1. Checking residue 37 against (1) closer than 18 Å to residue 223 by Cβ; (2) outside any loop (DSSP other than H, G, I, E, B), which test does it fail?
2. Pairs, please: C-beta under 9 Å, at least 6 apart or cross-chain, first residue not assigned by TED's automatic domain parsing to the domain that holds residue 344 and in the range 367-379, second more than 7 Å from the ligand (Cβ to nearest atom) and open to solvent by 30 Å² or more (accessible area, probe 1.4 Å)?
3. Can you give me the number of residues within the range 89-142 that are of a type in the set (S, T, N, Q) and assigned to a helix (DSSP H, G or I)?
4. Inspect all residues belonging to the range 151-167 and state whether any of them is surrounded by 13 or more Cβ atoms within 10 Å (Cβ to Cβ), among the aromatic types (Phe, Trp, Tyr) and under 30 Å from the mean Cα position of the chain (by Cα).
5. Take the range 309-319 and flag every residue that is more than 13 Å from residue 211 (Cα to Cα) and either within 20 Å of the chain's Cα centre (by Cα) or open to solvent by less than 70 Å² (accessible area, probe 1.4 Å) (or both).
6. Under 9 Å between Cβ atoms, at least 6 apart or on separate chains: pull out the pairs that start in the range 159-181 with a residue that is under 13 Å from residue 127 (Cβ atoms) and end on any residue that is open to solvent by less than 40 Å² (accessible area, probe 1.4 Å) and of a type in the set (S, T, N, Q).
7. Can you work out which of the residues in the range 301-320 that are more than 13 Å from the ligand (Cβ to nearest atom) and among the hydrophobic types (A, V, I, L, M, F, W, C) is farthest from residue 372 (Cα to Cα)?
8. Hey, among the residues in the range 256-300 that are open to solvent by 70 Å² or more (accessible area, probe 1.4 Å) and within 28 Å of residue 431 (Cβ to Cβ), which one's nearest to the ligand (Cβ to nearest atom)?
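The values are calculated or read from the model by the stated rules, or taken from the named source; none is laboratory data. Keep in mind that what you see is a predicted model, and the values were worked out from it rather than measured. Methodologically, a virtual Cβ is constructed for each residue, glycine included, from the backbone with ideal geometry; neighbour enumeration extends over all protein chains shown. For accessibility, only protein heavy atoms count, side chains too; no ligands or nucleic acids. Shrake-Rupley method; radii C 1.70, N 1.55, O 1.52, S 1.80 Å.
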Amino acid sequence: MNSSAIIILSESSTAIARQIQTVLPEATVYGLVDRTQSADIFYTHFGDTVRDLFAQGTPIIGICAAGILIRTLAPLLSDKRAEPPAIAVAEDGSAVVPLLGGLTGANELAKAIAQALQTQAAITATGQLRFNIVLEAPPSDYRLANPEHAKSFTSDLIAGATVRLVGEAPWLSQSNLPFSPKGTHLIEVTKRDVAGSATHLVYHPVAVQGRLAIVGTGPGSAQWMSPEVKGILQAATDLVGYKTYLDLVGDLAQGKQRHESDNRVELDRARLALALATEGKSVVVVSSGDPGIFAMAAAVFEVIDRDANPAWTDLDIHVAPGISAMQAAAAAVGAPLGHDFCAISLSDILKPWDAIEKRIAAAAAADFAIAFYNPVSTQRTWQLDAAKEILLKWRSPTTPVVIARNLGRPGQSVRVINLGDLTADRADMRTVLIIGSSQTRTVQRSDGTVWVYTPRRHQL
Ligand code: SAH
């Protein structure tokens, strides 16, 4: 299921929307443009936006009158098993009304929202009210073999019939169904192919195939993490990653199994993630920035390629992008990557220094702006000075260099200096550098700071 969309029509609903986000941190607040200022995403047409989201399977939480949502969604209704929840919340937060999606979790969602708003959800589904369960909508690890009988079965129980449970299923045994050893009706949980009937519901346990997502959290702060990544983290059972990156995830890591590791054992970490996913877990491999830029996505595919384990090749894998450090650094000073550029890691752990030297020389000769990742570490202290010497063969000492440290994290600092003044002590493993091309320019401002940009036209 997608992350929820909270739809607001005026700025005064923002407070209620943010309160709902405390229980649904992955939810996105959609605000009507011109009427709202602090939403996550702005829309221009209420009806089209709500219908598009609903059609894509997004649970809708409208902070508006129930009637508005009903009229908006009515033309789309056709399949109650597939439709996502639609919930109306009163503008003052006093009422939470699940309108649609009883079979896809609307009642549970409404209860969670009501709890955040310290009110009651207006649950009208009788089976849910009486028995705290919807027999037609078992959890994902069970399948109802005869859904056509669930409605009348529930009606019989509401009218006073009793039920006997055969087999194991905690979600059934922990419900308020009227169980009795001499029940008139039967619920059977079995792997066998049993024929059900109007008085006999049959559930089959289903093997859950696991999932693996490889996500990038952005450089640091939460507003640079995509709504997609937030949703994936929310739904995960297991998080795999370097401790610092798992810490960046904050509250979204709560209640998940954490598999922390050293930053250097990337292939082992990738194997662990793949193994957990094949056991049926919903695993998220967490990288900072973008997961495909000097990060874990390539390590996961390398292991799949090398180990040739068919269970891994066919796994459900999803890579969710993030904002890379060079983009955040560029944005902080203007547009130094406005024309052709490349990114080079100065780490010689996974490639020889010879190769790095050649690449720097080639990039400098081709007049790319260059982002340097992993510029200096406690063990690698001379590489940045060596890189500077190579660059100075092609670039003027006055070429602008952006030194960005701890972007989006506490202690962020972004400085612009001349290439001639670059020294290794200005950078560390939390720093990304951008070296301008021959065309990169600065614009001086009266407060002493500068903008840096690379024009979109290249002059020879
Ligand atoms: N996947 C990451 C890069 C990981 S390599 C991304 O796309 O950003 C690690 C290097 O990235 C660090 O040595 C540093 O050069 C850079 N980096 C990552 N996060 C940073 C941040 N918040 N501030 C500055 N540089 C950062």
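1. (2) is the only condition that residue 37 fails.
2. Filtered contacts from the range 367-379: no entries.
3. 5
4. Within the range 151-167, not a single residue is surrounded by 13 or more Cβ atoms within 10 Å (Cβ to Cβ), among the aromatic types (Phe, Trp, Tyr) and under 30 Å from the mean Cα position of the chain (by Cα).
5. Result: 309, single match.
6. Within 9 Å, the pairs are 163/180.
7. This residue is 311.
8. 294
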